[in-house]
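A quick write-up on the structure given underneath.
The values are calculated or read from the model by the stated rules, or taken from the named source; none is laboratory data. A quick note: this is a predicted structure, and the numbers were derived from the prediction, not measured. Note that we place each Cβ from the backbone using ideal geometry, even for glycine, and neighbour counts take in every protein chain shown. The area values use the complete protein model at the heavy-atom level, side chains included, leaving out ligands, DNA and RNA. Shrake-Rupley method; radii C 1.70, N 1.55, O 1.52, S 1.80 Å.
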Amino acid sequence: FSSRRRHTRYGTVTGVQTCALPICMNEHELEQIRELYEKSGVSVMVGFNRRFAPFIQQIKKALSDAAPKAINYRINAGIVPPEHWVHDPAVGGGRIIGEACHFIDLCMYLAGATITSVSASSMNDPHALADTATISLQFANGSVSNISYFSNGNKNMPKEYLEVFSGGVVYAMEDFKSLTVFGKSKKENSGTQDKGHRAEVAAFMNAVKSGKTSPIPFSELYTSSLATLKVLESIARGGEVIRL
């Protein structure tokens, strides 16, 4: 890792390694992190806050990990100028690595199983940014997921819309503000947006104080990060299915 990134993205708290997003920029760095984790035994935490959002917790509790699910996730990501630092491969890593990792991790969390394959395609772009893309995931329990990450939309449209289909019931969440459950005649509006940041920090601090393991298992941090990197590989290979 470069000195700059180590100082801006990583920190250590009482034997716990903390990291802002993304955890790394490439597979070589990811393998370095995995090797160091296995040798050191410290807890590692990455800021995948959406797992901790109240509506996501409601959906998760209602689902069985063993049951296959179909997940559809649309992200109206918005336009970021090509010259923005987030597109710099050495600093931001691009929007797939820097932001789409959130949505890949959340789909894996809701699926209740590890990712087994990734395929992706991106819209033609004169700057070759690959930040308007569709991502398909398959999971070990038979679940499937489609992530539509679109950067060519309009900010007046809500950013995130998630649908989870399972066992004759559909959970539809809009922008972490409302949840509708079709098949159980339930609709709930929170009035405010809660993406889980507060609950994530509380869970992390509780783990540090109590000496418990990270709120997100390292195996899941590793898999979602690897799958994110494989998205770019699949795009470069014309949408090829990449096995994890």
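Checked against (1) open to solvent by less than 60 Å² (accessible area, probe 1.4 Å); (2) in contact with a Lys or Arg (Cβ under 9 Å, 6 or more places away or on another chain); (3) of a type outside the set (Phe, Trp, Tyr), GLN193 passes all but a single condition, namely (1).
Considering region 82-97, the residues that are of a type in the set (D, E, K, R) and assigned to a loop (DSSP other than H, G, I, E, B) include one that is least open to solvent (accessible area, probe 1.4 Å), namely ASP88.
Reported count of residues in region 189-225, each being in a loop (DSSP other than H, G, I, E, B) and among the hydroxyl-bearing types (Ser, Thr, Tyr), is 4. Residues in region 35-81 that are within 27 Å of VAL169 (Cα to Cα) and of a type in the set (Val, Ile, Thr): ILE56, ILE59, ILE71, ILE75.
Might you check whether a residue that is assigned to a strand (DSSP E or B) and among the aliphatic types (A, V, I, L, M) occurs anywhere in region 174-185? Yes - at least one qualifying residue is present in region 174-185.
Cβ contacts < 6 Å: first residue within 18 Å of GLY98 (Cα to Cα), restricted to region 227-239; second residue among the polar types (S, T, N, Q) and surrounded by fewer than 24 Cβ atoms within 10 Å (Cβ to Cβ), any location; separation 6+ or different chain. Result? The qualifying pairs are SER234/SER119; ILE235/SER122. When the residues of region 149-190 are filtered to those that are under 17 Å from LEU106 (Cα atoms) and of a type in the set (Asp, Glu), the one that is least open to solvent (accessible area, probe 1.4 Å) is GLU160.
Checking every residue in region 59-78 against the condition of being closer than 23 Å to ARG198 by Cβ, surrounded by 13 or more Cβ atoms within 10 Å (Cβ to Cβ) and of a type in the set (D, E, K, R) gives at least one match. Residues that are closer than 11 Å to PHE48 by Cα and of a type outside the set (A, V, I, L, M, F, W, C) were ranked within region 98-133; the one that is surrounded by the most Cβ atoms within 10 Å (Cβ to Cβ) is ASP105.
Yes/no per residue for (1) over 28 Å from ALA130 (Cβ atoms); (2) at pLDDT 95 or above; (3) part of a strand (DSSP E or B); (4) not hydroxyl-bearing (Ser, Thr, Tyr):
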site: LEU21; (1), (2), (3), (4): no, no, no, yes
site: LEU36; (1), (2), (3), (4): yes, no, no, yes
site: ARG50; (1), (2), (3), (4): no, yes, no, yes
site: PHE55; (1), (2), (3), (4): yes, yes, no, yes
site: LYS61; (1), (2), (3), (4): yes, yes, no, yes
site: TYR73; (1), (2), (3), (4): no, yes, yes, no
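Being touching a helix residue (DSSP H, G or I) at 6+ places or on another chain (Cβ under 9 Å), farther than 27 Å from GLY142 by Cβ and part of a loop (DSSP other than H, G, I, E, B): is that true of ILE79 here? When the stated conditions are applied, ILE79 does not pass them.
Step by step: first the residues of region 103-131, then only those that are touching a residue at least 24 places away in the same chain (Cβ under 8 Å), farther than 19 Å from TYR171 by Cα and not in a strand (DSSP E or B), then the one that is nearest to the chain's Cα centre (by Cα). Which residue is that? Across region 103-131, the extreme among qualifying residues is THR114.
If you go through region 36-55 and pick out every residue that is under 11 Å from ASP105 (Cβ atoms) and either without any contact (Cβ under 8 Å) to a residue 60 or more places away in the chain or not small (Gly, Ala, Ser) (or both), you end up with 5.
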